[in-house]
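Since every read-out is calculated from the coordinates, none of them should be taken as a lab result. The shown structure was predicted, so the numbers you read here are calculated from the model rather than taken from an experiment. Reconstructed Cβ throughout: ideal geometry from the backbone, glycine too, with neighbour counts over all protein chains shown.
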Amino acid sequence: MVVLITGGAKGIGQGISTFLLESGHTVYINYLTSDISAKALQSTYPSAILTMGDITDEDYVKNIMSQIKAEQGQLDLLINNACYCCDDLISEKTKASFIEELDVNLVAPFVLSKYYNEVFKTGMIINMLSTDGVDTFNEYNIGYAASKAGLLNLTNSLAYSLKNFKVYGLMLNYVNTESVLEMNPNFLNNELNRIGQKELIEKQTVINHLEKLILGNLESGYIERVDNNE
């Protein structure tokens with residue numbers, strides 16, 4: 001299987017990339033700033049192909065799709081994982097930061113999906129969603145929550161529009177990653193209690209649910225929610 005994952009060199013993306021590479025797949029790992037961790041993946045796994053670029057740049061998206069077509073002839077799975085979050089109260093939120101969150105988290109997945117369809121005509125898309133786009137948002141993540149709500153609806157629309165694709169969403173909240181562990185502990189604990197999440201979601205749990213989507217032959221448009229509330 002040939003896979004393109006955005007933001008695949010750190011955090012959840014790094015865990016997913018590692019799983020796919022260890023499973024023997026050819027993985028194009030998009031990243032923008034995580035040069036050290038990206039090169040570490042490539043040095044460990046020969047089937048890792050690094051592609052540094054800004055997914056908000058339409059020309060870059062066109063070029064990477066053309067590159068994969070020329071080198072592999074197929075792209076079996078696109079994982080829209082990359083995201084940007086700039087937490088602020090609405091009184092401090094700028095238009096520029098709000099638009100940047102939408103651009104990375106919503107517009108870029110649309111553009112990637114558009115050119116995936118145009119170049120390859122068939123395949124699978126998995127969008128990494130958040131429960132913050134549905135019911136666990138807070139006063140600080142207005143831009144992030146809005147972008148993830150949009151991505152949920154984009155997932156539904158793509159599933160309806162792209163008849164030759166399987167389109168899924170994997171909806172998560174707080175995952176045990178470096179960025180989450182860097183949060184203020186009191187704020188994080190209060191948020192976990194507020195939304196009823198018993199513990200951080202482990203990367204392996206994310207991978208298990210991702211594998212379910214890849215292998216499950218589920219109906220296009222299916223959304224898998226994982227929030228450790230059970």
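When each of the peptides 74-81, 124-131, 21-28, 180-187 is scored by the mean number of other C-beta atoms lying within 10 Å of its residues, the order from highest to lowest reads 124-131, 74-81, 21-28, 180-187. Could you let me know the centre-to-centre spacing of region 12-61 and region 128-183, using Cα atoms, in angstrom? That distance is 21 Å. Placing unit charges on the Cβ atoms only, positive for Lys and Arg and negative for Asp and Glu, gives the chain a dipole magnitude near 660 debye about its Cα centre. A simple rule links phi to the HN-Hα coupling: the Karplus curve 6.51 cos²θ - 1.76 cosθ + 1.60 with θ = phi - 60°, which for region 83-92 gives 8, 9, 9, 10, 6, 8, 5, 4, 5, 10 Hz, with x for Gly and Pro. For Lys203, the lysines whose Cα comes closer than 18 Å to its Cα, not counting residues fewer than 8 places off in the same chain, are Lys10, Lys212.
Loop sites by DSSP among the trypsin sites (Lys or Arg not before Pro) of the chain, restricted to those with at most 15 other Cβ atoms within 10 angstrom, leave 1-120 as the longest stretch without any of them.
Derived scalar couplings between HN and Hα for region 139-146 equal 6, 9, 10, 4, x, 4, 4, 5 Hz in order, rounded to whole Hz, by the Karplus curve 6.51 cos²θ - 1.76 cosθ + 1.60 (θ = phi - 60°), x for Gly and Pro.
Using the Karplus relation 6.51 cos²θ - 1.76 cosθ + 1.60 with θ = phi - 60°, the per-residue 3J(HN,Hα) values for region 184-200 come to 4, x, 5, 4, 4, 4, 5, 5, 4, 5, 4, 8, x, 8, 6, 7, 5 Hz, with x marking Gly and Pro. Placing R0 at 25 angstrom, the Cβ-Cβ distance between Leu181 and Ile36 gives a FRET efficiency of 0.85 after rounding to 0.05.
Placing unit charges on each Cβ (+1 for Lys and Arg, -1 for Asp and Glu) gives region 2-226 a dipole about its Cα centre, and among Gly53, Tyr115, Val180 the Cα reaching farthest toward its positive end belongs to Tyr115.
A simple spin-label model places pseudo-atoms 7 Å from Cα toward Cβ; at Asn164 and Asn189 they are separated by 5.4 nm. In this structure the amide hydrogen of Ile125, modeled in the peptide plane, comes within under 5 Å of the amide hydrogens of Leu78, Lys166, Val167, Tyr168, none closer than 5 places in sequence on its chain.
Backbone amide hydrogens, once placed in the peptide plane, bring Cys86 within less than 5 Å of Tyr144, excluding anything fewer than 5 places away on its chain. Take Thr122, project a point 7 Å from its Cα along the Cβ direction, then tell me which residues of region 164-205 have their backbone nitrogen under 16 Å from it. From region 164-205, the list is 164-167.
Per the Debye formula on identical point scatterers at the alpha carbon atoms of the chain, with no solvent, log10 I(q)/I(0) at q = 0.10, 0.16 Å⁻¹ is -0.43, -1.16.
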